Amino acid sequence: MRKIVELIPGFLLSIAIAFVARFIEGMLPIHLIGASVIALFIGMALHFVTKKQAVLKSGIQFTSKKVLKFAIILLGASLNAMIILKVGQMSLTVMVFTLLTCFGGGYFIGKALGLNWKLSNLISAGTGICGGSAIAAISPVIEAEDSDIAYAMSATFLFDMAMIVLFPIMGQALGLSDMAYGLWAGTAVNDTSSVVAAGYAFSEAAGDFATMVKLTRTLSIIPTVIAFAFINIHVKKKEATQEEASHMKAHFSIKKIFPWFIVFFLIMAGINTMGLIPPTVSSMMKECSKFLMVAALAAIGLNTNFFEMKKSGIQPMIHGFIISALVVIVAIAVEYFMGIV
């Protein structure tokens, strides 16, 4: 009981920031910045005040780790695998190439820029899968630092803002059909809210299709998180001393490293696909998931020292720019090759 009481102050502060962020998001005349990013920045601004308050520490840590995983699980209740798979048949080829570009190209670009592998792959995941949700899902399994999460979120956010403005203009210039544009935006724009904004800025039909394609991309979180759980343990073994490596080998267990929250995410998606969750309840669970994710990112911001983050320099932003540009080019090139455009 005492442990639960210790979590309350930090958790409530994160929730309060989430409410403020959602309010600010709702006041904006145009949806240019999501509540998650607003909450992250508010948390970072308050870091120097809250870091001296020991009473907040455990609750902030709990919200940034445990609540984040719970939010991902709830997100599964909004996915209907059958609808997604129908759209996925057309978008799968494009997504395979964009994901290969993100993680394949991202690996070499990260190496060239001297970034640590965790930050590099968080930026790649945010660009290739679904912005903040992918970064949030992968960060626990690779044990990413809060500063890396914040930097990856910031990089993803900056390029999303540019894409919301530029994509409709480029789509018109290229003379794309609603379906071709929707497929392009759904596979190349990062965060879900940005896909929606860029899609509907072109046309209603393009927005509907882009959103469906984006949901298909969300499913790639599952194999990606599982893969990174194994990559993380492999890297830890390589970096360990011989004695530490022997200890890790002796105590190695799939059960320990497997991201179980993804299993529950799948279960929720399966239950929703079978129609066992009423649409109103599914919608409420999705809203709850989005809100808790905002609270978790507020907690990550509260844990993040902006000046420590600055030590990474401009390299992560360069990484994000190159990967984002490559994904945009690869996605439209694959569409041309497939004869969709």
Number of the condition not met by residue 187 [criteria: (1) under 17 Å from the mean Cα position of the chain (by Cα); (2) hydroxyl-bearing (Ser, Thr, Tyr); (3) surrounded by fewer than 24 Cβ atoms within 10 Å (Cβ to Cβ)]: (3)
Tally, over region 52-72, of residues that are over 17 Å from the mean Cα position of the chain (by Cα) and within 14 Å of residue 146 (Cα to Cα): 4
So residue 95, is it over 19 Å from the mean Cα position of the chain (by Cα), of a type outside the set (Val, Ile, Thr) and assigned to a helix (DSSP H, G or I): no
Test set (1) at pLDDT below 85; (2) over 21 Å from the mean Cα position of the chain (by Cα) - residue 75 fails condition number: (2)
Conditions (1) within 27 Å of residue 267 (Cα to Cα); (2) touching a Ser or Thr at 6+ places or on another chain (Cβ under 9 Å); (3) not β-branched (Val, Ile, Thr): number failed by residue 69: (2)
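How about region 100-186: which helices (runs of 4 or more DSSP H) wholly inside it have at least 3 residues that are modelled with pLDDT under 90, farther than 21 Å from residue 334 by Cα and among the β-branched types (Val, Ile, Thr)?
Values: elements: 106-113, 117-125, 131-142, 146-173.
It comes to 131-142, 146-173.
Of a type in the set (A, V, I, L, M, F, W, C), under 21 Å from residue 139 (Cα atoms), modelled with pLDDT under 75 and touching a helix residue (DSSP H, G or I) at 6+ places or on another chain (Cβ under 8 Å): which single residue out of 222, 262 fits that description?
Details: 222 fails: modelled with pLDDT under 75.
None of the other options fit; the residue is 262.
The values are calculated or read from the model by the stated rules, or taken from the named source; none is laboratory data. No experiment lies behind these values; they were computed from the predicted model shown. Glycine also receives a Cβ, built like all others from the backbone with ideal geometry; neighbour counts cover every protein chain displayed.
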